[in-house]
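Data first, discussion second: the structure below is written as structure tokens.
Every read-out reported here was derived from the displayed coordinates using simple, explicitly stated rules and does not represent laboratory data. Values in this document were obtained by computation on a predicted structure and should not be read as measured data. Cβ atoms come from the backbone with ideal geometry, glycine included; neighbour counts cover every protein chain shown.
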């Protein structure tokens, strides 16, 4: 099973309510998978700055003076906002790789959950309502976001096995289904130098998209080629800085329902997830077709990496 | 403009608010209706895409769900008529035995799976695996149907006024498929068949019962080529 949701806002007046709406949608999907939950929020960017979401099981010790340490090492201004087991670091743009090296060098068990100018990812083991409350997601504003509640099949129930998975800068992925060729593909991608942290199948899917895009594919092309190279069942929802995309495998047995109005585009594993959205009674509601890449973007003139489908 | 008459509403209509009453109590109330109940008209409001609404009914009652439903609405139905005033989720009418399900909107995947009898009418489109393993149910769809529909269909009729997706009727037995539009591809051992007078009659009856105004002569019949019925010794090496 697993439940996935996504919300892309067209109406700016809804942006302060993004976290609240996504949280409510995800909680409705709890009975599709109670093992772990996660939400990715695109909260907007600050010029010249970029963000990293980091996690630690012992935040009190791990995050102590982390901002000062990083500020010194990166020779720039670093701010940190701790939320339970996660911390959002704002660092100078272009210092992500350096910051990751510094964090790894500290050996404090700090894990990088996401990186990007706008993206923040919060995920933990537990029910959607508890995870959302732990990070106060319902108070967050943003332009778009995706969420996942997991029924684990291919790997352990851990924080790092939870979705969404960060792929490249400002990119993330949630998945309903299971990939069957993830072991061979993981070996191949590791040989290509792609960093894969866990034994989880979805992370391999995410790493595959990253690898394709590093080799010049647009997100749309990467999603298209995933239809050939990934074996198994999947409905993927992919977040980017400016929007989100949807693709389902050719068999399309993992459910997906979408709704669109003048105010938003919404995705849910089931229609139940969408029933509280404003104007849903008159929304265009449909199921995305198998083997078809869909994409919505805030950016009227997408660059090559954002352009898709 | 002349004033429109108000919509007909049976005098004895019983209304259940699903969010207040809950699924189990709602279905329990419907299950408690006997063959000679005089409470024959039921309305369920606030369905909110819930699962298993009006499942396992076995009385000549009419239940109208005012909104979209989730998984398995009207599953295992006998005798009852279930109207869905919205779209229907996966597995709607699964294993229907008799009676009727009418969906005003679209139907999700595996509509009427393994259905043994009765009629399912879809006024919108039906998704993938429509009528999978059908065993006698009749399904009439005004729009299109998705891929792998009527996979292993054994008996009954699937009528499609629009187009059919990939692999229609794969590995089917004696179910009949009538498609007015195009078929993206036929499944293994499914072939185009001659439309004889008895088929036109069956089709006309089903279209009339569904209330769809379509000319039976515009449809093409498909069914089993019966090549998979018997073992072919030339394929022995494949096992």
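Some points to look at:
- Chain B, relative contact order [Cα under 8 Å, separation at least 6], %: 9
- Test item: A:285-291 mean partner chain Cβ contacts at 10 Å: 5
- Protection proxy ranking, highest mean first, for peptides B:170-181, A:238-249: A:238-249, B:170-181, where packing is the per-residue count of other beta-carbon atoms within 10 Å, averaged.
- Taking the convex hull of Cα positions in the range A:25-167, its mean projected area over all directions (nm²): 8.4
- Ranked list, fewest to most other Cβ atoms within 10 Å of each Cβ, for A:30, A:95: A:30, A:95
- 13 Å tail of the calculated P(r), the range B:47-102, as % of Cα pairs: 46
- Mean separation of Cα pairs under 8 Å and 6 or more residues apart, divided by the residue count, gives the range A:77-182 a relative contact order of 24 percent.
- Peptide A:252-260 has a mean of 3 when you count, residue by residue, the C-beta atoms of other protein chains within 10 Å of its C-beta.
- Among the residues of B:68-78, the average count of other protein chain beta-carbon atoms within 10 Å of the residue beta-carbon is 2.
- The translational diffusion coefficient of the range A:50-112, from Stokes-Einstein at 37 °C and 0.692 mPa s with a Kirkwood hydrodynamic radius over alpha carbon pairs, comes to 291 µm²/s.
- Fewest-first sequence of B:135, A:108 by Cβ atoms within 10 Å of each Cβ: A:108, B:135
- Placing one equal scatterer on every Cα of chain A and applying the Debye formula, the log10 ratio I(q)/I(0) at q = 0.11, 0.15 Å⁻¹ is -0.61, -1.20.
- Note on the range B:106-226: along the principal axes its Cα atoms extend 30, 30, 26 Å, ordered by decreasing extent.
- The relative contact order of chain A comes to 24 percent, based on Cα pairs under 8 Å that sit 6 or more residues apart.
- Prolate/oblate/rounded label for the range B:122-190 (Cα gyration tensor, a/c 1.5): oblate
- Every helix of 4 or more DSSP H residues in chain A counts as -39500 (n - 2.57), and over all residues that averages to -7000 deg cm²/dmol at 222 nm.
- Among A:296, A:286, the ranking by other beta carbons within 10 Å of each residue's beta carbon, starting with the fewest, stands as A:286, A:296.
- Antiparallel bridge percentage (DSSP; both residues within the protein assembly as shown; nearest 5): 65
- Here is the P(r) of the protein assembly as shown: all C-alpha pair distances, binned every 20 Å from 0, give 21, 47, 26, 6, 0 in whole percents.
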